[in-house]
């Protein structure tokens, strides 16, 4: 081989392959993972009952996507990252479950307080219960819970468990401070999370970006996915079904009449976006209560050189 090509391939290998760790560099690992996940995400709706948009089909899609995502994470752990599954925030123990429950309360409190403020401001009024308590309604509630949990677990596995974990390692360079590394990885995961969520307005885009930051913050300070999964599930369940201010779903606990502007009172409005800041403070209080200290989790810091 000509020396020029030999040097070219040597440099290409140096850029793409970590000789010391014997694996692809973090950027390429994330690219491979996200591309495969994207293909699965786009393909599944065409493979599972292509017609219809009912709760049963949605729940079935979420179950299949969850199974595929778990399989993808396991495969990535073995062949790409070469790390144990616990390295993605999956140390499933009593503390993990406590974090999940606390996160669920914190996440559910955001839309609850937002609706309360909307009522106080005269933008939202209660118009009765959403549905009668029938067997069909309870079945729909169960399907809604499956959908919500499927969304929360899948997105936290992808954006926090995989992307944020690998971004931390990829940005962990000798000439970059630990604080800059963590902040950069946090921002990358939040931006990718926001980019993958439809945002027809700037306010909605800001909401998804701040949500990505809140969920990433929960992962960074707890070191596990229990807290962000709980926040994600609690927010989606309460805002989507308990107090459905953005739509009129077939499953709703309380029916609302909204007269305020969507940019202010909507599910992605400024009220709910602004409430993510006090939610972060409550989150920090929970971590202090659990561990006795505040700051980035030692589990996260252990991923850095």
Most mobile listed residue (88, 241, 79) in the chain, GNM with C-alpha springs under 10 Å: 79
Can you classify region 57-122 as rounded, prolate or oblate using the Cα gyration tensor, where a ≥ b ≥ c are the square roots of its eigenvalues, rounded means a/c under 1.5, and otherwise it's prolate if a/b beats b/c and oblate if not? prolate
In Å and from the alpha-carbon atoms only, list the Rg and Dmax of region 119-256. 18.1, 62
Using only Cα atoms and rounding to the nearest 10 degrees, what angle (0 to 90) does helix 26-47 make with the longest principal axis of the chain? 40
Roughly what angle does helix 178-195 make with the longest principal axis of the chain, taking Cα atoms, 0 to 90 degrees, to the nearest 10? 50
Can you give the helix-only mean residue ellipticity at 222 nm for the chain, where every DSSP H stretch with n ≥ 4 adds -39500 (n - 2.57) and the sum goes over all residues, rounded to the nearest 500 deg cm²/dmol? -20500 deg cm²/dmol
Once the Cα gyration tensor of region 133-213 is found, what semi-axes does its equivalent ellipsoid get, as square roots of 5 times the eigenvalues, in whole Å, sorted largest first? 34, 16, 8
In nm, what is the difference between 0.36 nm times the number of residues separating residue 35 and residue 291 and their Cα-Cα distance? 88.5 nm
GNM of the chain, Cα pairs under 10 angstrom: of 20, 94, 174, the biggest fluctuation goes to 20
Roughly how far apart, in whole Å, are the Cα centres of region 202-280 and region 172-195? 23
Label assignment, Rg and Dmax of the Cα atoms in Å derived from the structure, set [x] 30.9, 110; [y] 21.2, 79; [z] 18.6, 58: [y]
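Mind checking the full-extension length gain between residue 91 and residue 145? Use 0.36 nm per residue of separation minus the Cα-Cα distance, one decimal, nm. Kindly include the intermediate steps, with their values, before the conclusion.
Details: separation 54, 0.36 × 54 = 19.44 nm, distance 2.32 nm.
Contour length minus Cα-Cα distance gives 17.1 nm.
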Taking the beta-carbon count within 10 Å as an exposure proxy, list 60, 92, 277, 157 from fewest neighbours to most. 277, 92, 60, 157
Mind pulling the angle between the C-alpha long axis of helix 276-291 and the longest principal axis of the chain? Nearest 10 degrees, somewhere in 0 to 90. 70
What number, in percent, do you get for the relative contact order of region 93-301 if the mean sequence gap of Cα pairs under 8 Å and at least 6 apart is divided by its residue count? 37
Describe numerically, in nm with one decimal, the distance between label points set 7 Å from Cα along Cα→Cβ at residue 180 and at residue 263. 3.7
Springs between alpha-carbon pairs under 10 angstrom, Gaussian network model over the chain: which of 35, 70, 229 fluctuates most? 35
When 134, 196 are arranged by how many other beta-carbons sit within 10 Å of their Cβ, fewest first, they go 134, 196
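If each residue's Cβ is checked for other Cβ atoms within 10 Å, how do 106, 254 rank with the fewest at the top? If you can, show how the numbers build up before the last one.
Numbers: 106 24, 254 15.
Sorted ascending by nearby Cβ count, the order is 254, 106.
Since every read-out is calculated from the coordinates, none of them should be taken as a lab result. Just so you know, these numbers come straight off a predicted model, no measurement behind them. FYI the Cβ positions are ideal-geometry reconstructions off the backbone, even for glycines, and counts take in every protein chain you see.
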